[in-house]
Amino acid sequence: MTISRPLLFIVLLFLFLCAAIVLATGMGFLKIAPLEVIQILWAQLAGQEANGMDPTFPFVVMEVRLPRILTAALVGGGLAVAGAVFQAILLNPLADPYTLGISSGAAFGASLAIILTLFGITVPAWFSIPIFAFFGAMGTLIGVFSLAAPDNRLSSNTLILSGVIVAAILSAGIGFIKYLADEQVSIIIFWLMGSFVGRTWTDVLSTTAVVLPGLLFVLYFARDLNIMALGERTADTLGVETARVKKMLLLCASLITAICVSVSGIIGFVGLIIPHLLRMILGPDNRVLLPACFLGGGILLLGADTITRAWLPSEIPIGVLTSLIGGPFFCYIFRKKQLALSS
Amino acid sequence: MNIDPLLFQLSEVSFAYRNTKVLEGIDLQLDKGRFYGLIGANGSGKSTLIELLMGMHKTVTGDILYKNKLMESYSRQELATQLALVPQNFTMGFEYQVRDVVLMGRHPHIPRFSSPSTPDLQAVDEAMQTMDITHLQSRPVSALSGGELQRVVMARALAQETEVLILDEATSNLDIHHTIAIMQVMRKRVDKQGLTVIAAIHDLNLAAAFCDECLVLRDGQIFDHGPVEELFTSELLHAAFEVEATIQRQGDHGRPQIQFRYQ
């Protein structure tokens, strides 16, 4: 276990993410050179006006692009970390926030918030959607747990099975909401497919406030997660309070998932692909893997969002893009691995 | 100086899964520095007794004392520095390397956020050498055979450097060479370092050859126990396992050898 090589990799990922943020900010309908972007950012930090450039540039950078870009990076990082945690807990490299029904729960809650207006209840969307998504995710988590509860050791098979059942019920529920929604249905559908259009600094702040403490929290338990790969029984005998750590980390990862879904809709495959890819490169040690997932997920989703925003002639929902690219890519990895196992 | 040799004291212990009684009326004292064998037919409650000794379940009635303190009063972390388990089955979730898995045995000794110290790494190297797996150290555990994996698990438990080593049929996957090697390693540590071993063993001859004392379980109760030299008789084997066998002894107090009658 050499610590220097993974550390170097993480530093590289971090630098790459910073560069990607600057580059992506410059891309779009209005082209802004990377140096000018840095100038604007520097001026903002120093509290000065940036001189010698188009006066609309600072506005475009600070008010339009940067909030969206940072939200995309944070959501990508959050989803990847949540995926890595679910995988480590369920001992299933193919698990992610969806397997447990958490994402569906958050989406159900958020759809509910969107059609509230139908019943004459008006709550500001920026407030109601995250709150409802959060309660949807938590409700699902509680539902899944209580379904699996007789087995209070929380074995992964029981949990996944309960998650699949609950998710199936919830997606029927979302279908029903869409049916009810009538005129609102296009908003719900677009949102369910995932998008970062029109994200503001409020989204950046609310995502940061959950994702970063969440990352620190799971990092605190990273070594326990490693030990839990030995199985619950054995992990217990090595001094890990497996059942308790499991519950706390599931709660934390669900919270991260809920905030991500509430700001961006359902974006699949980030939580699956990034941990999987990085585990192939860095090995399974969660102390290295979790921070790397945060950075790697951020880079991936930022990249995907920049493609739909700046390259494609008209913007397609990012959830569709990640699934279209991520799905086949994942099949390829999976197939390759199966072949390697059988030979 | 008088050192209390008593490690485990079980009084009137019973245990049930849901409504199925598994163990009943277990009275037991286990002393430090002894090699105990746990024998009995399938389903007689050996694994459950082991789990109780590891503090993995609460008893339904009765108390288990470890070093004169209730089992429940220890934290998992405290227990992990005292008791190590070599389980019967072992699966690994991810592709950790052999060395990393053995190092996991040091987990209870390494404070959070610290790196393994030199004594930690020494214990790991030594355990790998003892179990003859040093040449496998950078292989992923998923690429090992059943017997190699069992030796890795054994090495992990040795690296844990506990006072008590509990084995749940840990040699069942091993060839005879490595089986004897492991039993010899444990026998030596019991004699030289005062290790206490509690091992569920299916192979009665193996138990007779290496253990000091055996506990015979039948239908969730302790059917008989005693030093191996006196314990093994044809009558006992008939009553506990329903097999016919003759016992041979080398000398008056030699270790018994069991010959089963197959037809």
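Restricting attention to the range A:82-124, which residues are of a type in the set (Phe, Trp, Tyr) and within 14 Å of another protein chain (Cβ to nearest Cβ)?
Let us first name the residues in the range A:82-124 that are of a type in the set (Phe, Trp, Tyr), namely A:86, A:98, A:108, A:119.
Residue satisfying the conditions is A:Phe86 alone.
Among (1) within 23 Å of A:Leu295 (Cβ to Cβ); (2) touching a helix residue (DSSP H, G or I) at 6+ places or on another chain (Cβ under 6 Å); (3) away from every other protein chain (no Cβ under 14 Å), there is one condition A:Arg68 misses while meeting the rest; what is its number? Of the numbered conditions (1) within 23 Å of A:Leu295 (Cβ to Cβ); (2) touching a helix residue (DSSP H, G or I) at 6+ places or on another chain (Cβ under 6 Å); (3) away from every other protein chain (no Cβ under 14 Å), the odd one out for A:Arg68 is (2). Residues that are assigned to a loop (DSSP other than H, G, I, E, B) and either out of contact with any Pro (no Cβ under 8 Å at 6 or more places or on another chain) or in contact (Cβ under 8 Å) with a residue 12 or more places away in the chain (or both) do not occur anywhere in the range A:34-46. The residue pairs whose first member lies in the range A:179-202 and is under 23 Å from A:Gly268 (Cβ atoms), whose second member is crowded, with 20+ Cβ neighbours inside 10 Å and among the basic types (Lys, Arg), and whose beta carbons are closer than 6 Å, counting only pairs six or more residues apart or on different chains, are A:Phe196/A:Arg68; A:Arg199/A:Arg68. Just one of the listed residues (A:Ala229, A:Ala235) is touching a Pro at 6+ places or on another chain (Cβ under 8 Å) and more than 21 Å from A:Gly77 (Cβ to Cβ), and it is A:Ala229.
Counting residues in the range A:219-232 that are part of a helix (DSSP H, G or I), surrounded by fewer than 19 Cβ atoms within 10 Å (Cβ to Cβ) and touching a Cys at 6+ places or on another chain (Cβ under 7 Å) gives zero. Only one of the numbered conditions (1) crowded, with 22+ Cβ neighbours inside 10 Å; (2) over 16 Å from the mean Cα position of the chain (by Cα) is violated by A:Ser171, and that is (1). Restricting attention to the range B:142-197 and to residues that are assigned to a helix (DSSP H, G or I) and acidic (Asp, Glu), the residue that is surrounded by the most Cβ atoms within 10 Å (Cβ to Cβ) turns out to be B:Glu148. Close Cβ contacts (under 6 Å, 6 or more residues apart or on different chains) running from residues in the range B:161-186 that are more than 14 Å from B:Asp203 (Cα to Cα) and among the acidic types (Asp, Glu) to residues that are at pLDDT 90 or above and in a helix (DSSP H, G or I) comprise B:Glu161/B:Ala123; B:Glu163/B:Gln82. For the range B:65-80, the criterion of a residue being surrounded by 22 or more Cβ atoms within 10 Å (Cβ to Cβ), more than 9 Å from every other protein chain (Cβ to nearest Cβ), of a type in the set (A, V, I, L, M, F, W, C) and touching a residue at least 60 places away in the same chain (Cβ under 8 Å) is satisfied by no position.
The values are calculated or read from the model by the stated rules, or taken from the named source; none is laboratory data. What you see is a predicted model; the values in this text were computed from it and never measured. Using ideal geometry, Cβ is built from the backbone for each residue, glycine included, and neighbour counts are taken over all protein chains shown.
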